[in-house]
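Each remark here refers to the structure printed beneath this line.
The values are calculated or read from the model by the stated rules, or taken from the named source; none is laboratory data. Just so it is clear, the structure is predicted and the values come from calculations on it, not from any experiment. All Cβ positions, glycine included, derive from the backbone under ideal geometry; neighbour counts span all protein chains shown.
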Amino acid sequence: MLVRRFLSPLTVCILLILTSVSLNAVEPNTPTAKPKAIDKALIKEAEQLKKQLVELNRELYQFEEELLYPANTQLGVFLSMAQENTFLLDSIEIRLDDKLITSYLYNDKEISALKKGGIQRLYLGSLSDGRHKLTARFNGQGANNRYFRRKKALPFTKGPDAKFIQLVVTESQTTREPLFKVKQW
């Protein structure tokens, strides 16, 4: 009770002091008033701090990646397309050991980038050593506006090192149907 009696008048006094200080700090708007110059040394120091912050953020990101995905437990799944491919990929769904790990819907710009040689990282995660099964389901439109839904299953064994799998979308030269090849590195 004594504390409340003391704090309430103290709070009112502080508010009055702050209000009077802020009112005194406001300058009248006169045509002759000039903006204050900013100290160049202060700007240079702020830019250096910004650069240091960006560098620290980059290092923190790399450290986080190393902690979350140690190199010896990594599994990376990537997607690429052949340049002469007429198959228009609509979506892809990736399962690892019958568990959905990623799915993606594509737009025209992304398909164009893949056909120009781009490689998309579909998944990067940790995986224990041993036998596993990766399943990819591709949906899209092929030659003559025919819709295709294909599935590619890849049983593999993960060793003590990182495992990288690249799914390559190509096309049969004779039937013009999409083909899906797998590269492991």
### Query
Regarding F156, is this residue in a strand (DSSP E or B) and touching a Phe, Trp or Tyr at 6+ places or on another chain (Cβ under 7 Å)?
no
### Message
Among the residues of segment 98-115, are any among the hydrophobic types (A, V, I, L, M, F, W, C), under 18 Å from the mean Cα position of the chain (by Cα), surrounded by 13 or more Cβ atoms within 10 Å (Cβ to Cβ) and outside any helix (DSSP H, G or I)?
### Response
yes
### Task
State yes or no: is R149 at pLDDT 90 or above, more than 27 Å from E64 (Cβ to Cβ) and either of a type in the set (D, E) or more than 24 Å from the chain's Cα centre (by Cα) (or both)?
yes
### Query
Is it the case that some residue within segment 126-143 is at pLDDT below 95 and under 18 Å from the mean Cα position of the chain (by Cα)?
yes
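Residues checked against (1) modelled with pLDDT of 55 or more; (2) closer than 30 Å to T135 by Cα; (3) surrounded by 10 or more Cβ atoms within 10 Å (Cβ to Cβ):
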site	(1), (2), (3)
S22	no, no, no
V26	no, no, no
A41	yes, no, no
L53	yes, no, yes
E66	yes, yes, yes
T73	yes, yes, yes
### Query
In segment 163-176, which residues are modelled with pLDDT of 90 or more and part of a loop (DSSP other than H, G, I, E, B)?
none
### Query
Given the conditions (1) of a type in the set (D, E, K, R); (2) surrounded by 12 or more Cβ atoms within 10 Å (Cβ to Cβ); (3) touching a residue at least 60 places away in the same chain (Cβ under 8 Å), and given that E84 satisfies all but one, which numbered condition is not satisfied?
(2)
